[in-house]
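**Student:** This is the structure I have questions about; it appears just below.
The values are calculated or read from the model by the stated rules, or taken from the named source; none is laboratory data. Since we're looking at a predicted model, the values are computed, not measured. Using ideal geometry, Cβ is built from the backbone for each residue, glycine included, and neighbour counts are taken over all protein chains shown.
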Amino acid sequence: MATIKRFEDLISWQKARELVKYIYDLTKKPAFSRDFGLKNQTERSAVSSMANQAEGFSRGTKIELINYFYIAKGSAAETQNHLYVARDLGYIDMSEFRKAYGLADETQRLIESFVVKVKSGAWSGIQHKPIRKRDTFLEELLKKEGKIFTIQGIMSKEEAEKRGLEEIEMP
């Protein structure tokens, strides 16, 4: 698997970007563009799928990443729902519906695949928010409370010993 350093490297984000572009093309159509509510919701849900992946990737913890990715997946499903409305009202034809629906479906499948890899540990990510060296207050507080900084984060010396972890220098 290729190294993922930025959210732009995620195939699921790239697919969501493709979905957003196509949705904006569809909502420019005269009938669709006059239905301000549906136009707005369709565009927003597509953009939300893309944006939540970026935000989740940048949050710093595996739990937050997974949470935001599931929100992104839900937003892609919401986009599919709005496509049904647009099709039922005659704003888009069947081929446009199928293409947009397929992009949203592929976005969801790619998100789910990535989340499964994250959950299984295939993606280590940023497991804790970094502590900057200049945070001497935090260093003093940790010492006072008998805690240390390990590769897995902040924990008691006893917990680190149980896990076989050693103290590392704070970044």
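**Student:** Take the residues in the stretch 1-33 that are farther than 17 Å from Leu83 by Cβ and loosely packed, with under 13 Cβ neighbours inside 10 Å; name whichever of them is modelled with the lowest pLDDT. Give the derivation first.
**Tutor:** From the stretch 1-33, those farther than 17 Å from Leu83 by Cβ are 1-14, 17, 30; that's our starting set.
Subset that is loosely packed, with under 13 Cβ neighbours inside 10 Å: 1-3, 5-6, 8-9, 30.
Numbers: Met1: 48, Ala2: 61, Thr3: 74, Lys5: 84, Arg6: 89, Glu8: 93, Asp9: 92, Pro30: 96.
Among those residues, the one meeting the criterion is Met1.
**Student:** Let me ask something additional. Looking at Phe137, Phe97, which is the one that is of a type in the set (Phe, Trp, Tyr), surrounded by 18 or more Cβ atoms within 10 Å (Cβ to Cβ) and either modelled with pLDDT under 90 or assigned by TED's automatic domain parsing to the domain that holds Val20 (or both)?
**Tutor:** Values: Phe137 fails: surrounded by 18 or more Cβ atoms within 10 Å (Cβ to Cβ).
That would be Phe97, the only listed residue that is of a type in the set (Phe, Trp, Tyr), surrounded by 18 or more Cβ atoms within 10 Å (Cβ to Cβ) and either modelled with pLDDT under 90 or assigned by TED's automatic domain parsing to the domain that holds Val20 (or both).
**Student:** OK, next. Quick check, is Phe57 at pLDDT below 95 and either within 17 Å of Glu112 (Cα to Cα) or surrounded by 15 or more Cβ atoms within 10 Å (Cβ to Cβ) (or both)?
**Tutor:** On the way: at pLDDT below 95: yes; either within 17 Å of Glu112 (Cα to Cα) or surrounded by 15 or more Cβ atoms within 10 Å (Cβ to Cβ) (or both): yes.
In short, yes.
**Student:** Looking at the stretch 34-54 only, could you name the residues that are out of contact with any His (no Cβ under 7 Å at 6 or more places or on another chain) and either of a type in the set (A, V, I, L, M, F, W, C) or at pLDDT below 95 (or both)? Please lay out each step first, then the result.
**Tutor:** Start the filter on the stretch 34-54 by keeping residues that are out of contact with any His (no Cβ under 7 Å at 6 or more places or on another chain), which leaves 34-37, 39-40, 43-44, 46-54.
Across the stretch 34-54, the qualifying residues are Phe36, Ala46, Val47, Met50, Ala51, Ala54.
**Student:** Now for a separate question. Under 6 Å between Cβ atoms, which residue pairs at least 6 apart in sequence (or on different chains) link something in the stretch 151-168 that is not assigned by TED's automatic domain parsing to the domain that holds Thr61 and at pLDDT 70 or above with a partner that is charged (D, E, K, R) and outside any helix (DSSP H, G or I)?
**Tutor:** Ile154/Lys147; Ser156/Lys147
**Student:** Hey, could you check the stretch 50-67 for residues that are under 8 Å from the mean Cα position of the chain (by Cα) and small (Gly, Ala, Ser) and say which is nearest to Arg87 (Cα to Cα)? Show your work before the answer.
**Tutor:** First pass over the stretch 50-67, keeping only residues under 8 Å from the mean Cα position of the chain (by Cα): 50-57, 65-67.
Okay, now just the ones that are also small (Gly, Ala, Ser), so 51, 54, 56.
Values: Ala51: 25, Ala54: 29, Gly56: 31 Å.
Per the criteria, the residue is Ala51.
**Student:** Another question about this same structure. Being over 15 Å from Thr27 (Cα atoms), of a type in the set (Gly, Ala, Ser) and not in a helix (DSSP H, G or I), is that true of even one residue in the stretch 94-114?
**Tutor:** no
**Student:** Could you go through the stretch 18-27 and let me know if any residue there is in contact (Cβ under 8 Å) with a residue 24 or more places away in the chain, under 19 Å from the mean Cα position of the chain (by Cα) and closer than 24 Å to Lys119 by Cα.
**Tutor:** Initial filter on the stretch 18-27 (in contact (Cβ under 8 Å) with a residue 24 or more places away in the chain): 18-20, 22-23, 26.
Narrowing further to those that are under 19 Å from the mean Cα position of the chain (by Cα): 18-20.
Add one more test, that the residue is closer than 24 Å to Lys119 by Cα, and what stays is none.
Among the residues of the stretch 18-27, not one is in contact (Cβ under 8 Å) with a residue 24 or more places away in the chain, under 19 Å from the mean Cα position of the chain (by Cα) and closer than 24 Å to Lys119 by Cα, which makes the answer no.
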